[in-house]
1. In region 27-70, how many are within 15 Å of the chain's Cα centre (by Cα) and open to solvent by 30 Å² or more (accessible area, probe 1.4 Å)?
2. In region 71-92, what residues are in contact with a Lys or Arg (Cβ under 7 Å, 6 or more places away or on another chain) and in contact (Cβ under 8 Å) with a residue 40 or more places away in the chain?
3. Hey, Arg36 hits all of (1) in contact with a Ser or Thr (Cβ under 8 Å, 6 or more places away or on another chain); (2) of a type in the set (Lys, Arg); (3) more than 19 Å from Thr124 (Cβ to Cβ) but one; which does it fall short on?
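The values are calculated or read from the model by the stated rules, or taken from the named source; none is laboratory data. Quantities reported herein were computed from a predicted structural model and do not represent experimental measurements. Cβ: placed from backbone, ideal geometry, glycine included. Neighbour counts: every protein chain shown. Heads up: the accessible areas ignore ligands, DNA and RNA and are worked out on the full protein's heavy atoms, side chains in. Shrake-Rupley method; radii C 1.70, N 1.55, O 1.52, S 1.80 Å.
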Amino acid sequence: MRITFVNARFYPFLGGAEEYCLSLAREAVKAGHFVRVITTDVSPDSRVLPATEILDGIEITRLHAWNQELNLGFYPRLLPTLWNVQTDVIHVTNGLGFFWRDLCLVALRFKQLFNRHKIKFITTPHGLFLSTVNTHKGFKRLIGVVGKTVM
């Protein structure tokens with residue numbers, strides 16, 4: 001099976017969604033699947049990351065991000081990359097709320113209306129509504145607490 005993860009940040013980031021995605025990808029490789037991660041080139045320490053890399057059998061594709069934002073991140077090559085990806089499963093490990101990525105996935109979903117090969121979509125939520133006192137401070141923590149209360 002060909003599995004593609006789409007994550008705004010990935011290795012060498014060490015956040016919850018990033019580590020979860022890396023763990024799932026490693027397990028999928030061990031099970032004999034082809035695994036690709038499509039992410040951005042944003043680095044946790046501002047170093048230049050390679051555009052492509054293979055880590056523990058995981059093919060990593062890093063697309064240039066025009067900004068450093070997560071939810072409002074813009075990396076224009078995501079749309080053509082997803083449009084041309086050969087995969088059976090797309091697993092999004094940040095959940096909904098990443099505007100550009102979500103728009104690209106919706107476009108891919110519409111493209112599938114005309115294809116015989118159907119891609120399965122999986123979403124695992126992480127992020128704002130999973131905040132705790134130990135993981136977020138200030139405004140982000142406040143938004144997370146309000147979001148949890150409302151949801």
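1. Residues of region 27-70 that are within 15 Å of the chain's Cα centre (by Cα), as a first pass: 35-43, 58-65, 68-70.
Filter once more, so that each one left must be open to solvent by 30 Å² or more (accessible area, probe 1.4 Å): 36, 41, 59, 64, 68-70.
Of the residues in that region, 7 qualify.
2. So in region 71-92, the residues in contact with a Lys or Arg (Cβ under 7 Å, 6 or more places away or on another chain) come out as 78, 83, 86-89.
Answer for region 71-92, where residues must be in contact with a Lys or Arg (Cβ under 7 Å, 6 or more places away or on another chain) and in contact (Cβ under 8 Å) with a residue 40 or more places away in the chain: Leu78, Gln86, Thr87, Asp88, Val89.
3. Every condition holds for Arg36 apart from (3).
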